[in-house]
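*Asks:* Take this structure, written in structure tokens, and hold onto it; I'll ask about it next.
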Amino acid sequence: MPYGFTFDLRDLPRSMFQELLRLAYDLKLHRRMSHAARYLVKKFKVQEITGLNILEAISLFEDLLEIQALNILNQDRFTASSGRKALLLPHCARKYMDSRCRAVFDPSTPTYKCMGCSSDCLINRATVIAREKGYDVYVLPGGSCISRILASGRYDAVVGVACGAELKLGYEILRKMNIPGQAVPLLKNGCAETYFDIEELERLL
Ligand code: SF4
């Protein structure tokens with residue numbers, strides 16, 4: 001797990017994420033990132049609501065700001081891309097992490113393919129939406145699979161869901177391969193039962 005702590009941001013107001021997006025626009029990339037993260041953490045009482053300490057909260061929000069800034073910087077190229085697209089999802093967001101999950105593991109990638117056993121599984125919902133929009137969907141056991149998936153050269157654009165730290169690593173891989181991407185950060189991390197905003201994902205796809 002990239003972070004040395006767990007977090008759950010689901011109780012924070014949606015307005016905070018809207019303001020985070022606005023700040024990311026203003027900041028562009030690294031300029032005043034730390035200052036803006038501090039401002040958000042204080043204004044929205046992130047410590048009190050989430051139980052994170054101040055350093056954890058600031059590092060997390062610096063990553064969220066950077067992801068939003070990278071999304072903005074990549075948006076035009078991503079939208080203009082008319083080729084094949086891939087959606088990369090984290091396996092920790094599956095409803096089940098044991099044999100009740102009917103996903104098929106493909107060791108060649110290596111990734112899971114969701115078989116849709118549970119209609120309320122986040123991975124299933126995201127997979128259905130993405131496939132309808134023409135995406136190939138991969139459920140990743142870890143970030144190291146990204147390079148192998150993209151090495152096939154099949155994809156012109158990528159959408160990824162992961163924690164902020166992993167998304168930054170993913171964006172670095174995309175930058176080296178000159179592939180535009182968009183990212184949706186996890187709102188709850190951990191080794192299981194992680195959570196992301198499916199509406200935000202649907203809007204990006
Ligand atoms: S819906 Fe897909 S990812 Fe979710 S538990 Fe079932 S097979 Fe696994």
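No lab work stands behind these numbers, since they all come straight from the coordinates. Since this is a predicted model, take the numbers as computed values, not measurements. Positions of Cβ are backbone-derived with ideal geometry, glycine not excepted, and every protein chain shown enters the neighbour counts.
*Asks:* Out of the range 138-174, which residues are over 23 Å from Leu73 (Cα atoms), among the hydroxyl-bearing types (Ser, Thr, Tyr) and away from the ligand (no atom under 16 Å from the Cβ)?
*Replies:* Hits for the range 138-174 are Ser144, Ser152.
*Asks:* Residues that are in contact (Cβ under 8 Å) with a residue 24 or more places away in the chain, at least 2 per element: which strands (runs of 3 or more DSSP E) completely within the range 54-153 meet that?
*Replies:* Numbers: elements: 85-90, 104-106, 111-113, 136-140.
Result: 85-90, 111-113, 136-140.
*Asks:* With the structure loaded, tell me whether Glu193 is under 16 Å from the mean Cα position of the chain (by Cα) and in a loop (DSSP other than H, G, I, E, B) or whether it fails that test. It would help to see each step written out before you state the result.
*Replies:* Details: under 16 Å from the mean Cα position of the chain (by Cα): yes; in a loop (DSSP other than H, G, I, E, B): yes.
Answer is yes for this residue.
*Asks:* Continuing with this model, one more query. Which members of the range 107-137 meet the condition of being more than 12 Å from the ligand (Cβ to nearest atom) and either of a type in the set (S, T, N, Q) or within 23 Å of Leu169 (Cα to Cα) (or both)?
*Replies:* Taking the range 107-137 and keeping what is more than 12 Å from the ligand (Cβ to nearest atom), we get 107-110, 129-136.
Within the range 107-137, Pro107, Ser108, Thr109, Pro110, Ala130, Tyr135, Asp136 meet the criteria.
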